[in-house]
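Quick note: the coordinates plus some simple rules give every number you see, no bench work behind them. The structure displayed is predicted, hence computed values, not measured ones. Every residue, glycine as well, gets a Cβ built from its backbone with ideal geometry; the counts of neighbours run over all protein chains shown.
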Amino acid sequence: MTKKIAIISATGKVGRLIAAEAFDRGFDVTAIVRDARKVDTNRYAVLERDIMDVTADDAANFDAVVSAYGRGPRQGIHAPNEPRLPDRGI
């Protein structure tokens, strides 16, 4: 029986690598993404959702759910009025 895996943010930098690896290893992969047009539907099933709208019911039919969500480099981690450290390219 093929294991079913869902990948949240499967079109991002990390998510697309995880999705490809899971597919290549024989998993039944579902990409949970904001924009279904960015997904190769020949390889993956798609569940179009904003990350904040994913529910337990959405995840119930999978053997594993992997979150590859990451804040983009321009979103930062500071509140708007909080002082920022200089970017050192780390």
query = Using the Cβ atoms and a cut-off under 12 Å, what net charge is assigned to the surroundings of K4, where Lys and Arg are +1 and Asp and Glu are -1?
reply = -1
message = Over 10 Å intervals from 0, what percent of Cα-Cα pairs in the range 4-67 sits in each interval?
response = 25, 61, 14
Proximal lysines to K38, defined as alpha-carbon separation beneath 22 angstrom and excluding residues fewer than eight positions away on the same chain = K4, K13
task = Note down the net charge around A20, summing +1 for each Lys or Arg and -1 for each Asp or Glu among other residues with Cβ under 15 Å from its Cβ.
result = +1
ask   = Any idea what the relative contact order of the range 4-67 is, in percent, if you count C-alpha pairs under 8 Å spaced at least 6 apart?
value = 41 percent
